[in-house]
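Visitor: Take a look at the following structure, please.
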Amino acid sequence: MSRGGVQRPNEEVRKAQNMALMSQAGSSHCIYSEKLRCIGGHSNIMNNMEMFKMKDICFGLDISSLNSSRRVQGNYLNRIGVERRRGGLAIVAASPPTEDAVVAAEPLTKEDLVGYLASGCKSKEKWSRIGTEHEKFGFEFGTLRPMKYEQIADLLNGIAERFDWEKVMEGDKIIGLKQGKQSISLEPGGQFELSGAPLETLHQTCAEVNSHLYQVKAVAEEMGIGFLGTGFQPKWGLKDIPVMPKGRYEIMRNYMPKVGTLGLDMMFRTCTVQVNLDFSSEADMIRKFRAGLALQPIATALFANSPFTDGKPNGYLSMRRHVHIWTDTDNNRAGMLPFVFGDSFGFEQYVEYALDVPMYFVYRKKKYVDCAGMSFRDFMNGKLPPLPGDYPTLNDWENHLTTIFPEVRLKRYLEMRGADGGPWRRLCALPAFWVGILYDEASLQSVLDMTSDWTAEEREMLRNKVPKSGLKTPFRDGLLKHVAQDVVKLAKEGLERRGFKETGFLNEVTEVVKTDTTQCQNDINTLFKLLELFRIPSELFFILVGVTPAEKLLELYHGKWGQNVDPIYEELLY
């Protein structure tokens, strides 16, 4: 039955099996680690640090036999959620708000913060994990209006009860779910996010996505709720978006307008899909970080899927990645991070950068303490104004790192953050793109060679222009599309060498960069000079080359849809 122009999915879809993931680890609380050295790179602090000397450590076991220094032992215990109190140990949650953070027994040092990032190093046989996160907009079938919190709460409760998820509460409000290494959370405007488990293959990743969507749809459709896969809210304004009852978002909502005019749009009206990938050493992290930053505009173009705002075309292919959304959100915590390409870059320099990013909050006594605009350096010295004499834990540091929004983000893994949210088939394509490049040595080196002479100005230019012109962005002696074709080819070759028969997941992006026989490849420079000479909008010629998902939506809007954005809710329905 069609409601509000949206056709409910066919009943056959509901018969899909809820696939059990091969990688599911179950409910064990054991932490398995091996002696790990983070070798290579530029940070002398970590070159010879033995991060862990523990094996098969489980919560609740006697840990007095740990053979390591008191400082490194304390770092590791903090990392897995065990922190020292005077007179004993206390178990705390890996992240708030499920439990209180424990007051630190002694101040953290910069070496502790560097060590936290370095603890992400994994030996190569263990680092080839893939973590995929994706967000989507929930809406009512009848009205197309965004889901209210009350509907979201019913949805979360329904999924928890039917599919055995653990509820995550903030006060008396349900704000998320956990199951094994997967979690479901709410973004500020009710965007529904799956943070997937770290998996070994793209087949497992896609199975996880399909399982999640099956579960969500099984409950949501009975409530008259659907989900939309796009990068920017296409129809509704900020006044129409519900506010989620999460303390951290209230602090961010109050602070954003003080440092920019578009921060609330970023919070409430955007959706993304991102992939999280491992590194084996500091040197490996640096290479992947540089490749990821250089190629992020290409990922933005390939997955551009947000051309509408307030029911009309907004002039962009990726409004979510439109540069002013980020530079006019809070320029202190976003951008292309040019220092990553410098000779001194490593874990230590990223820590220095992150320390200078203003704070948002600290979580204490089951409440978020507003620290917006304050300094984490002051916090480390016990001089944070709202918490005088209090010192941060590594849990606080971990939370602070999540409030930084660069194109690639470093935690104990690397997050590729440049792609718009999209329909389910593209949710598997993004990890395929990055895995093929960053998890294959030959493809990674080819990308680094290809981009090694790109200047900071060129990278910034691509960041600025790609959200509007996509793959047709002029770059050097051609278009960005020509670079993207080479990069997609490298990604495919990298997947082939992995040996898991994963290249089919790249079909979505391969289609986008297909060569168009009508394009004027040999005369592209002359063409743009003529356009400039006669003051003809280059956009008129862009139809000759590179069609992104956003451009297909615009074609539908101006044609079949009769300049009405409502059909997008059926076109991109999960």
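Visitor: Per residue, how many Å² of accessible area does the stretch 110-421 show with a 1.4 Å probe?
Guide: For the stretch 110-421, the solvent-accessible area averages 31 Å² per residue.
Visitor: Here is a follow-up. State which entries of K288/K501; K136/K489; K181/K383; K465/K489; K178/K246 exceed 26 angstrom in Cα-Cα distance in the structure shown.
Guide: Numbers: K288/K501 23 Å; K136/K489 29 Å; K181/K383 36 Å; K465/K489 23 Å; K178/K246 17 Å.
Flagged as over cut-off: K136/K489; K181/K383.
Visitor: Taking R0 as 22 Å, what FRET efficiency do you get between M450 and S344 from their Cβ-Cβ distance, rounded to the nearest 0.05?
Guide: Plugging the Cβ-Cβ distance into 1/(1 + (r/R0)^6) gives 0.40.
Visitor: Using label points projected 7 Å from each Cα along Cα→Cβ, tell me how many nm separate D172 and R497, to one decimal.
Guide: It works out to 5.8 nm between the two label points.
Visitor: Now for a different question. With respect to the cross-link table entries K235/K258; K217/K411; K239/K367; K235/K468; K126/K411; K217/K468, which display a Cα-Cα separation exceeding 23 Å?
Guide: Over 23 Å apart, Cα to Cα: K235/K258; K217/K411; K239/K367; K217/K468.
Visitor: When ranked by the protection proxy of mean other Cβ atoms within 10 Å per residue, highest first, what sequence do the peptides 284-293, 234-243, 160-169 form?
Guide: Ranking, from highest mean packing down: 284-293, 234-243, 160-169.
Visitor: Return the distance in nm (one decimal) between the two label points of a simple spin-label model at T402 and E511, each offset 7 Å from Cα along Cα→Cβ.
Guide: In this crude spin-label approximation the distance works out to 3.4 nm.
Visitor: For K560, which lysines qualify as cross-link partners when the Cα separation must be under 16 Å and same-chain residues fewer than eight apart are set aside?
Guide: The qualifying lysines are K312, K552.
Visitor: Here's a follow-up. Whose amide H sits under 5 Å from the amide H of V369, counting only residues 5 or more places off or on another chain, with H placed in the peptide plane?
Guide: Result for V369 returns V362, Y363, R364.
Visitor: What does the accessible area of Y557 come to, in Å² to the nearest 10, when a probe of 1.4 Å is used?
Guide: Answer for Y557: close to 20 Å² accessible.
Visitor: What is the spin-label model distance, in nm, from R253 to E570 if the labels are put 7 Å beyond Cα along the C-beta direction?
Guide: My value for the distance between the label points is 3.4 nm.
Visitor: Can you tell me the length gained on complete extension of the stretch H203 to A372, counting 0.36 nm per residue apart and subtracting the Cα distance?
Guide: 56.7 nm
Visitor: Provide the solvent-accessible area of H558, counting protein heavy atoms only and rolling a 1.4 Å probe, rounded to the nearest 10 Å².
Guide: Its accessible surface works out to 110 Å², give or take rounding.
The values are calculated or read from the model by the stated rules, or taken from the named source; none is laboratory data. Just so it is clear, the structure is predicted and the values come from calculations on it, not from any experiment. Positions of Cβ are generated from backbone atoms using ideal geometry, with glycine treated the same way; all protein chains shown enter the neighbour counts. Accessible surface is based on the protein model in full, side chains and every heavy atom, while ligands, DNA and RNA are left aside. Shrake-Rupley method; radii C 1.70, N 1.55, O 1.52, S 1.80 Å.
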